[in-house]
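Nothing in this text is a laboratory measurement; each read-out follows from the coordinates by a stated rule. Predicted model, so just to flag it, every value in this text is computed and none were measured. Cβ placement follows ideal geometry from the backbone for every residue including glycine, while neighbour counts extend to all protein chains displayed.
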Amino acid sequence: MSINKTTTAFALSTLVLMLSLVIAVLWGSTGWIASSDIESIKVLGLRLPRVIVALISGGALAICGVALQSILENPLAEPFLLGVSGGAVLGGTIGIIFGNIFANLFVSIRLFSFIGAIFSIFFLILINRRQGGISPVNMLLTGVIFNGFISAIVTMFKAFIPASELQRVTLWLSGYISYFGMQDIIFDVVVVLIFTVLLLFESNRLNLLSLGNDIAITSGMNVERLRLRVFIYTSILTGIVVSITGLIGFVGLIVPQGIRAFSIINNRILLPLSFIVGGTFVIIADLICRLISYKAGFEPPISSITAIVGAPMLFFLLRKYYRERGGY
């Protein structure tokens, strides 16, 4: 991709992100903010952290999708495929069941979700190593099996959740961005930025891996260690996102594929651009949810918006992919 096209892509995506941020902060379920009203300042204090959460969540899921599609050599790989999201969901569910241990149920959900994600990372690494190493096939199989197993446990645990908290669990599992105080999200913002930068540092090695395992190994790269590092980085990012928002589907799948449709395949460009576009996508989806709340009086899960937009886009991209290769 030429320098001019790269500059244009970053400029346009950044401009759209900035516009989305401004609109999302100024407009929501209570309408526009009036700058002279003290109550509007309070509303702004609620909206801004929520918009930041949408930005880092969408960006993290999108950049994880790019990295996983590279190391798994699978264009349909996405962050919730490897099992870590299941561990975070199980941890969050346990946090709700034992939420009375903490004064704040929010703290309980976040803490147990993150513990569940970290536990899942080490468990899945251990299983993969015992099966012969960190290979794409092993990672996919163990992830799918682990997610299925965890899903069954979560379904069983729902029976122990108080009826008063069942709606909260359902919303969280469906993907829902709540209102936060700025102090509640500082840790998440820092962690997402750190591991996003670590993934950006792997962009050249991911480019080399895209040429094939044999070429990467011949060039002196330890492919298994690269996969292990990327797996750990993406797992921590996914665990953080799930602990805040629950499960938001399609972002890590359609954003990378949508950008690749414009012949952007260099990971040095694809990774940061995916973060920008993914963050914008989730900000807009969350804004739509809040506008529905403003008009209809109820707020749908954000995952319903990402699925409505993402499913047709994915179908279109798959048709284009197969047509280019002489398929249907």
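Can you list the DSSP H helices in the chain whose Cα atoms extend at least 15 Å along the helix axis and whose mean Kyte-Doolittle hydropathy is 1.6 or higher? Before the final figure, lay out each step's value.
Numbers: long enough: 3-26 (34 Å, 1.78); 38-71 (50 Å, 1.49); 84-97 (20 Å, 1.71); 105-130 (37 Å, 1.74); 136-157 (31 Å, 1.64); 163-174 (17 Å, 0.22); 182-201 (29 Å, 2.44); 223-245 (32 Å, 1.16); 267-296 (43 Å, 1.34); 302-324 (33 Å, 0.73).
In the chain, the long hydrophobic H runs are 3-26, 84-97, 105-130, 136-157, 182-201.
Within the stretch 182-328, all pairs of alpha-carbon atoms sorted by distance into 5 Å bins from zero give the percentages 2, 8, 13, 17, 18, 17, 12, 7, 3, 2, 1, 0, 0. Once backbone amide H atoms are built at 1.01 Å from N, I177 has I302 as its partners under 5 Å, excluding neighbours fewer than 5 places away on the same chain.
Net charge within 12 Å of V25 by Cβ-Cβ distance, Lys/Arg positive one each and Asp/Glu negative one each, not counting V25 itself?
Values: positive: R47, R50, R290; negative: D286.
Once all neighbours under 12 Å are counted, the net charge is +2.
Counted by Cβ distance under 15 Å from S274, the other residues give a net charge of 0, where Lys and Arg count +1 and Asp and Glu count -1. For the stretch 3-324, the relative contact order works out to 31 percent when only alpha carbon pairs closer than 8 Å and six or more residues apart are counted.
Peptides 56-63, 227-234, 293-300 ranked from most to least packed by the mean count of surrounding Cβ atoms within 10 Å: 56-63, 227-234, 293-300. Here the sum of -39500 (n - 2.57) over DSSP H runs of 4 or more residues, divided by the residues of the chain, equals -26000 deg cm²/dmol at 222 nm, to the nearest 500. Spin-label model, I217 to I3: label points 7 Å out along the Cα-to-beta-carbon direction sit 3.8 nm apart.
Once you list every other residue whose beta carbon is under 10 Å from the beta carbon of I134, what net charge do they have if Lys and Arg are +1 and Asp and Glu are -1?
On the way: positive: R129, R225, R227, R229; negative: E224.
That sum, taken over residues with Cβ under 10 Å, equals +3.
The Cα atoms of the stretch 3-324 cover 64, 51, 35 Å along the three principal axes, with the biggest extent listed first. Going by neighbour counts of Cβ atoms within 10 Å, the residues V309, V22, V51 line up, fewest first, as V22, V309, V51. Computed over the stretch 126-243, the P(r) tail beyond 16 angstrom holds 73 percent of alpha carbon pairs.
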